[in-house]
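What follows is a short report on a single structure.
The values are calculated or read from the model by the stated rules, or taken from the named source; none is laboratory data. Quantities reported herein were computed from a predicted structural model and do not represent experimental measurements. When we count neighbours, we look across all protein chains shown, and the Cβ atoms used for this are built from the backbone with ideal geometry, even at glycine. Protein only, heavy atoms only, side chains kept; ligands, DNA and RNA dropped before computing areas. Shrake-Rupley method; radii C 1.70, N 1.55, O 1.52, S 1.80 Å.
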Amino acid sequence: MLKQFLNLKLSQKLSPQQIQLMKLIQLPTQAFEQRLLEEMNENPALEAGKEEEYEADEFANEDYDDYDDAESDRIEADDINIDEYLSDDDTPDYKTQVNNYGDEEERETPFASPISFHQDLINQLNTFILNDQEREIAEFLVGSIDDMGYIRRSVPDIVDDMAFTQGIYTDDVMVEKMLHVIHELEPSGVGARDLQECLLLQLKHKTPTEYVDLAIDIIENQFDAFTKKHYDKLLQKYSVSNEQLKKAIHEIERLNPKPGGSYTGNNKVTENVVPDFAIRIIDGELELTLNGRNAPSLHVSKDYQEMMQTYKDSRDKSTAQKDAVQFIKQKLDSAKWFIDAIRQRQETLFVTMNAIMHYQEEYFLDGDETKLKPMILKDIADMVGLDISTISRVANSKYVETPYGTKLIKEFFSEAMKNDQGEDVSTLEIKKILQNTIEEEDKKKPLPDDQLADILKEKGYPIARRTIAKYREQLDIPVARMRKKI
């Protein structure tokens with residue numbers, strides 16, 4: 001039995017131009033420059049430089065009847081897969097690239113190719129006298145070390161893995177023997193199975209002193225008490241003075257809990273931040289500028305426009321000429337389209353940042369973070385008449401240079417909470433006050449979250465203890481017990 005249903009579906013189609021504009025808006029300065037170079041390499045009708053202006057619309061409305069059939073080959077907006085154009089990845093491209101050069105000619109800078117962390121460990125192994133089986137096991141163990149310098153697998157698992165994947169048959173005793181070799185490598189502590197072993201390895205590589213020996217005993221036998229900062233228990237256990245225990249703890253605090261992470265030869269990506277905007281204070285007034293690298297001088301190629309004119313004036317139009325002029329027109333359209341998108345990008349970036357600057361004027365005038373007002377994306381969207389998603393694209397990936405440092409724009413956005421006067425205050429303001437309160441506390445008696453809540457309430461911010469805990473974690477501040485010092 002057939003049934004008929006009426007189903008209404010509301011959908012929004014974006015044109016290729018809209019999609020390209022959104023992608024350009026999302027790009028920070030360095031990634032935008034890279035995109036600009038790619039477009040110029042792909043489209044010979046697009047040229048850079050401050051040359052004479054050409055009439056952009058000279059051929060925009062011309063009718064070329066001779067190749068109207070080719071219009072059927074054009075890509076329609078309905079055929080565009082939006083998901084292929086829009087990325088949810090908030091990580092800007094420039095965080096995975098090094099392409100930082102100014103307006104002057106790009107220079108080629110020679111650089112040394114660094115040795116990887118694991119290759120350096122293999123090179124160190126070559127200084128040990130090992131037989132073939134021992135070397136195979138030791139190299140397998142090096143391959144099992146993670147980027148932080150740990151081997152986070154049990155010895156039996158390693159034995160089984162070597163047998164199944166490498167055809168290396170050994171036992172727990174031999175693997176333990178080779179682990180001792182790995183533990184002799186630099187940086188000290190590499191190849192440890194856990195934090196306790198990592199700290200012990202580093203302490204045992206130190207020159208023995210009274211305090212190093214005490215530190216070794218604490219980590220080896222009282223690790224739980226140490227991690228929980230039960231200093232009274234340690235003082236009673238070892239019958240030492242506060243000063244002696246303090247010096248032993250100091251030896252431990254100087255150790256590196258992530259020996260692999262500090263290796264200078266690691267192939268880590270350097271994060272180079274190029275501000276997209278600059279805010280300066282001139283005669284007590286805020287002045288906003290857009291980084292000039294976001295405003296390139298582009299124009300449509302004169303040669304390509306002349307080729308179109310030549311075809312237009314030609315009487316005999318061959319098939320080859322028709323194909324050529326279709327290609328030329330597509331390139332000219334694309335060039336004009338790209339230039340217009342860049343102009344819209346500049347305008348969108350500037351008006352958005354200008355609205356943010358004026359909304360947070362008190363902060364930008366003196367840098368006091370407690371003066372940051374509650375501000376959400378909708379506030380700025382309403383001010384400039386743009387969509388919230390557009391404001392988000394600007395805020396999530398752009399930086400602004402201020403008299404107080406270079407800031408990620410999205411850091412200026414925050415929710416509102418009520419103070420004891422019923423006024424809206426920014427959560428950023430509350431976090432700053434919380435941070436200052438913790439910095440000023442007596443480290444011998446750190447303040448637990450409930451006491452911090454009481455203090456903030458006295459300051460006019462009635463915040464629940466669980467909210468204090470949430471803000472403390474967002475600020476990367478440990479609990480009171482872990483902030484305790486002797």
For the range 348-363, indicate whether the set of residues that are surrounded by fewer than 17 Cβ atoms within 10 Å (Cβ to Cβ), under 20 Å from Ser397 (Cα atoms) and free of Cβ contacts under 8 Å to residues at least 60 places away in the same chain is non-empty.
-> yes
Would you mind stating whether Met383 is surrounded by fewer than 17 Cβ atoms within 10 Å (Cβ to Cβ) and of a type in the set (A, V, I, L, M)?
-> yes
Considering only residues of the range 220-249 that are outside any loop (DSSP other than H, G, I, E, B), within 17 Å of Gln196 (Cβ to Cβ) and among the polar types (S, T, N, Q), which is least open to solvent (accessible area, probe 1.4 Å)?
-> Thr227
In the range 464-482, what residues are open to solvent by less than 90 Å² (accessible area, probe 1.4 Å) and under 31 Å from the mean Cα position of the chain (by Cα)?
-> Thr467, Ile468, Ala469, Tyr471, Arg472, Leu475, Ile477, Pro478, Val479, Ala480, Met482
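Looking for whichever is within 30 Å of Ser301 (Cα to Cα), out of contact with any Asp or Glu (no Cβ under 6 Å at 6 or more places or on another chain) and not β-branched (Val, Ile, Thr) here; the options are Ser334, Ser392. Which one fits? Break it down stepwise before answering.
Working: Ser392 fails: within 30 Å of Ser301 (Cα to Cα).
Only one candidate passes the filter, namely Ser334.
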Of the listed residues (Glu458, Glu423, Glu473, Glu439), the one being within 27 Å of Gln360 (Cα to Cα) and modelled with pLDDT under 85 is Glu423
On the given criteria, is Lys229 charged (D, E, K, R) and either more than 41 Å from the chain's Cα centre (by Cα) or at pLDDT 90 or above (or both)?
-> no
Test set (1) at pLDDT 85 or above; (2) hydroxyl-bearing (Ser, Thr, Tyr); (3) open to solvent by less than 40 Å² (accessible area, probe 1.4 Å) - Ser389 fails condition number = (3)
Members of the range 157-195 found to be loosely packed, with under 15 Cβ neighbours inside 10 Å and on the phi > 0 side of the Ramachandran plot, listed by number | Gly167
Any chance Val394 is out of contact with any Gly (no Cβ under 7 Å at 6 or more places or on another chain), assigned to a strand (DSSP E or B) and open to solvent by less than 10 Å² (accessible area, probe 1.4 Å) = no
Per the filter on the range 283-310, residues in contact with a strand residue (DSSP E or B) (Cβ under 7 Å, 6 or more places away or on another chain) and either assigned to a helix (DSSP H, G or I) or open to solvent by 50 Å² or more (accessible area, probe 1.4 Å) (or both) are Glu287, Thr289
Got a number for residues in the range 163-192 being in a loop (DSSP other than H, G, I, E, B), closer than 22 Å to Glu251 by Cβ and not hydroxyl-bearing (Ser, Thr, Tyr)?
-> 8
